[in-house]
1. Putting +1 on Lys and Arg Cβ atoms and -1 on Asp and Glu Cβ atoms, find which of A:Tyr61, A:Ala80, A:Leu109 reaches farthest to the positive end of the dipole of chain A.
2. Using the heavy atoms of the protein chains and a 1.4 angstrom probe, tell me the accessible area per residue for the stretch B:1-111 in square angstrom.
3. Using the Cα gyration tensor of the stretch A:62-119, with a ≥ b ≥ c the square roots of its eigenvalues, what is the shape: rounded (a/c below 1.5), prolate (a/b larger than b/c) or oblate (neither)?
4. Please compute, for peptide B:117-128, the average count of beta-carbon atoms on other protein chains lying within 10 Å of each residue's beta-carbon.
5. Work out the length of the dipole vector of the stretch A:4-130 about its Cα centre, built from +1 on the beta-carbon of each Lys and Arg and -1 on the beta-carbon of each Asp and Glu, and round it to the nearest 20 debye.
6. Between A:Ser113, A:Ser36, A:Ser104, find the one with the highest GNM mean-square fluctuation for chain A; connect C-alpha pairs within less than 10 Å.
7. What is the distance in Å between the Cα centroid of the stretch A:47-76 and that of the stretch A:104-128?
8. Only four residue types carry charge here, +1 at the Cβ of Lys and Arg and -1 at the Cβ of Asp and Glu. Report the dipole size of the protein assembly as shown about the Cα centre in Debye, rounded to the nearest 20.
There are 2 protein chains.
Amino acid sequence: MKILVGYKGVNVGKDLLKIALAHAKAFNGEVLIVTSMVGGGKSEQSKVQDAEENLEKAKNYFDDQGVSCKTHLLVRGLDAGEDLVNFATEKGVDEIIIGIKSRSKVGKLIFGSTAQAVILQAECPVLSVK
Amino acid sequence: MKILVGYKGVNVGKDLLKIALAHAKAFNGEVLIVTSMVGGGKSEQSKVQDAEENLEKAKNYFDDQGVSCKTHLLVRGLDAGEDLVNFATEKGVDEIIIGIKSRSKVGKLIFGSTAQAVILQAECPVLSVK
């Protein structure tokens, strides 16, 4: 069982990692933690570094629990949703886990376009975590 | 681990039941198969009977695999999404599994309003299955 976790950074999705860990343990699976960035532009340099550090921290979380984990930073010029779905297909992933915590300006919970794209287009089941 | 499966009938969601079974086994959990109908009107009588028969068939599927399973037909005058979310909260469900197979008139895969409501409003993680 290969589980892909769509990961935006260390400050969001604490429950996301907790639930991914529970699934990885239950299915005796391996975890791919993936952050997707469009790339390009000067401001991206520090973002890439932040993303790499956040992925490293997430990897430590799984390593500490004895769960096999790899990290991937995707910078392929694609929208995050398309990027995650393509990568999941390339890697033969069995389950994708994503966080859905987007809120509108007035605080209403809304569907982020990345989450929608992943849920609709993925070839495998998608677990949405708040 | 309590797993709620939002179930529309026996002809859809074969993968849905297969994946629910895999999850129930991995987590050593119990399954609640739930069909929600708004209710009211004369035409509902035969629909209720169909729904009960479909739930029974689904229950047999889990029984045959030795997985604990209960069925619930909800006719509480609520939209399916709201109904499933409320029921999941009432029962202390840990994971909801739903099918998302809605297509528009031109065949494009679209987000059903029930699936959207469940994913956004549920208090627990929601697994979407195609």
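1. Farthest along the dipole direction, towards plus: A:Leu109.
2. Counting only protein heavy atoms, the per-residue value for the stretch B:1-111 is 55 Å².
3. oblate
4. Neighbouring Cβ atoms belonging to other protein chains average 5 per residue here.
5. Roughly 620 debye for the stretch A:4-130.
6. A:Ser104
7. About 22 Å separates the Cα centre of the stretch A:47-76 from the one of the stretch A:104-128.
8. I would put it at about 520 debye.
The values are calculated or read from the model by the stated rules, or taken from the named source; none is laboratory data. Since the model is a prediction, treat every value here as computed from it, not as a measurement. When we count neighbours, we look across all protein chains shown, and the Cβ atoms used for this are built from the backbone with ideal geometry, even at glycine. In case anyone asks, the SASA skips ligands and DNA or RNA and just uses the protein heavy atoms, side chains included. Shrake-Rupley method; radii C 1.70, N 1.55, O 1.52, S 1.80 Å.
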